1. I'd like the full set of residues that are assigned to a helix (DSSP H, G or I) and open to solvent by 30 Å² or more (accessible area, probe 1.4 Å), limited to the stretch 104-116.
2. Restricting to the stretch 117-139, give me the number of residues that are hydrophobic (A, V, I, L, M, F, W, C), open to solvent by 10 Å² or more (accessible area, probe 1.4 Å) and not in a strand (DSSP E or B).
3. What pairs can you find where one residue is in the stretch 44-58 and closer than 17 Å to Gly98 by Cα, the other is of a type in the set (S, T, N, Q) and at pLDDT 95 or above, and their Cβ atoms are less than 8 Å apart, with a gap of 6+ or different chains?
4. Which members of the stretch 6-29 meet the condition of being open to solvent by less than 30 Å² (accessible area, probe 1.4 Å) and not β-branched (Val, Ile, Thr)?
5. Select from the stretch 140-171 the residues that are within 21 Å of Phe119 (Cβ to Cβ), part of a helix (DSSP H, G or I) and not acidic (Asp, Glu) and list them in ascending order.
Amino acid sequence: MSNLVVVAYNDLATANQVREKLFELSREHLVDLEDAVVVERREDGKIKLHQAVSNPAVGAAGGALWGGVIGLLFLQPLLGAAVGAAAGAAGGALTDTGINDNFMRELSHNLRPGAAALFALFKTAAHDKVFPRIAEYGGHLVQTSLSTADEEALREALEATATARASAPAPGAAPESPQTTETPQAPGSPKTGGGAPTL
């Protein structure tokens, strides 16, 4: 049985980086990835799907190969390849493998303009190795078909990254130095402590 994980990101670049990380983990045989699609909600509100594999292109390549073979049998290899490529592209365009496009579009309407989401469909994964490596990029868990325990583990990993980023000092900010000077107090007035500064 396949599992689906949908994680939203603030920008398209981060979603693409996470997808590349998943491909890398797939090459390391840590995840059996079936499909990974980045869906972007553009600033104008339109939804754009960034598919990992183009079905028409794959169909055209396969069709050209088989068309060429059939064309050789009838001494018309170029004509056979052209007809095969056209038929393969048409067949590929009609084939929707992996995650349903309409489902991705509907779910992505909840993204704010400029944000993106990664839809990952996989059969098996070494969760203890995969989750921490994709959680490094942050993100917000939108939907999964994982078991309750696995979903909670991924959610905790993503939240830990968000907490760490929120508590980290801004780049280039100088660390706060403790105050060493005291302002003179009027006789009889209570001494003020070092509380939080007022804004």
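The values are calculated or read from the model by the stated rules, or taken from the named source; none is laboratory data. Just so it is clear, the structure is predicted and the values come from calculations on it, not from any experiment. Counting neighbours? That spans all protein chains shown, and the Cβs are built from the backbone with ideal geometry, glycine included. For accessibility, only protein heavy atoms count, side chains too; no ligands or nucleic acids. Shrake-Rupley method; radii C 1.70, N 1.55, O 1.52, S 1.80 Å.
1. The answer is Arg105, Glu106, Leu107.
2. Total meeting the criteria: 3.
3. Partner pairs satisfying both residue conditions: His50/Asn16.
4. Once the filter is applied, which keeps residues that are open to solvent by less than 30 Å² (accessible area, probe 1.4 Å) and not β-branched (Val, Ile, Thr), the stretch 6-29 yields Ala8, Tyr9, Ala15, Arg19, Leu22, Leu25.
5. Thr148, Ala153, Leu154, Arg155, Ala157, Leu158, Thr161, Ala162
Conditions tested, residue by residue: (1) farther than 18 Å from Val31 by Cβ; (2) at pLDDT 90 or above.
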| site | (1), (2) |
| --- | --- |
| His50 | yes, yes |
| Val58 | yes, no |
| Asp96 | yes, no |
| Glu106 | yes, yes |
| Gly114 | yes, yes |
| Phe122 | no, yes |
| Tyr137 | no, yes |
| Val142 | yes, yes |
| Ser145 | no, no |
